[in-house]
1. Only one of Arg124, Arg155, Arg144 is out of contact with any Gly (no Cβ under 7 Å at 6 or more places or on another chain), in contact (Cβ under 8 Å) with a residue 60 or more places away in the chain and charged (D, E, K, R); which?
2. Provide a single number: the residues in the range 24-56 that are surrounded by 15 or more Cβ atoms within 10 Å (Cβ to Cβ) and either under 18 Å from Pro181 (Cβ atoms) or in contact with a Ser or Thr (Cβ under 8 Å, 6 or more places away or on another chain) (or both).
3. Of the conditions (1) among the small types (Gly, Ala, Ser); (2) more than 18 Å from the chain's Cα centre (by Cα); (3) over 14 Å from Leu44 (Cα atoms), Gly148 fails just one. Which one is it?
4. Yes or no: Trp70 surrounded by fewer than 21 Cβ atoms within 10 Å (Cβ to Cβ) and free of Cβ contacts under 8 Å to residues at least 60 places away in the same chain?
5. Might you check whether a residue that is charged (D, E, K, R), at pLDDT 95 or above, surrounded by 18 or more Cβ atoms within 10 Å (Cβ to Cβ) and not in a loop (DSSP other than H, G, I, E, B) occurs anywhere in the range 135-147?
Amino acid sequence: MALPPTIYRASIQLSDLDRNCYEHLQVTVAQHPSEKPERLVARLLAYALCYQEGLVFTKGICAGDEPDLWLKGPDGRVLLWLEVGLPEAERLVKAARHAEQVVLFACGSGRWRWEAAQLERLARVKNLSVFGLEQEFLEQLVTRLKRGIDWTLTRTEGTLYLTLADEGLEGPLDLLLGENPSPLRG
């Protein structure tokens with residue numbers, strides 16, 4: 001019998017000064033039994049940092065042909081394709097042909113090797129942005145992870161400030177490729 005997903009309910013007070021986006025986000029997210037907690041918190045950060053109305057979590061690792069999150073227009077075309085982790089360059093190039101914007105939040109223990117091998121190949125993809133999430137920052141979030149997530153998240157000048165339960169964490173959000181995506185209008 002397959003294990004069921006673990007359900008998390010998140011409340012995120014977002015102040016994204018870099019994008020001029022201020023929202024109180026309420027979202028429910030499922031963690032697949034094979035998904036590591038670092039990937040779950042990276043997906044939540046990606047959701048908050050690229051938030052715009054209509055952005056949704058997909059089936060993710062259960063559906064290999066879908067990103068972790070996406071925003072579709074009324075006609076069904078993909079306006080924003082969001083990935084977390086360290087995907088193959090070919091996957092991102094293919095996504096960029098079918099989506100208006102593609103954003104990757106690169107994270108994982110092999111991030112530096114991935115950057116050395118993939119970033120130069122991806123530099124020619126004009127509608128792709130790649131951000132780097134520091135592994136240590138994700139691990140700090142994982143050690144404080146609860147089923148009811150309550151974050152206050154501020155992004156300013158490429159730095160993330162996250163408060164949870166009166167404790168503050170800080171980590172860089174490195175723009176490795178492309179530019180900071182602005183909210184889309186479908």
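The values are calculated or read from the model by the stated rules, or taken from the named source; none is laboratory data. All of these numbers come straight from a predicted model, not from anything done at the bench. Neighbour counts run over all protein chains shown; Cβ positions are idealised from the backbone, glycine included.
1. Details: Arg124 fails: in contact (Cβ under 8 Å) with a residue 60 or more places away in the chain; Arg144 fails: in contact (Cβ under 8 Å) with a residue 60 or more places away in the chain.
Only one candidate qualifies: Arg155.
2. The initial filter retains those residues of the range 24-56 that are surrounded by 15 or more Cβ atoms within 10 Å (Cβ to Cβ), namely 25, 27, 29-32, 35, 37-52, 55.
Now narrow it down to the ones that are either under 18 Å from Pro181 (Cβ atoms) or in contact with a Ser or Thr (Cβ under 8 Å, 6 or more places away or on another chain) (or both): 25, 30-31, 42-52, 55.
Summing the residues that are surrounded by 15 or more Cβ atoms within 10 Å (Cβ to Cβ) and either under 18 Å from Pro181 (Cβ atoms) or in contact with a Ser or Thr (Cβ under 8 Å, 6 or more places away or on another chain) (or both) in the range 24-56 gives 15.
3. (3)
4. On the way: surrounded by fewer than 21 Cβ atoms within 10 Å (Cβ to Cβ): yes; free of Cβ contacts under 8 Å to residues at least 60 places away in the same chain: yes.
Considered against the rule, which asks whether it is surrounded by fewer than 21 Cβ atoms within 10 Å (Cβ to Cβ) and free of Cβ contacts under 8 Å to residues at least 60 places away in the same chain, Trp70 comes out as yes.
5. No: zero hits.
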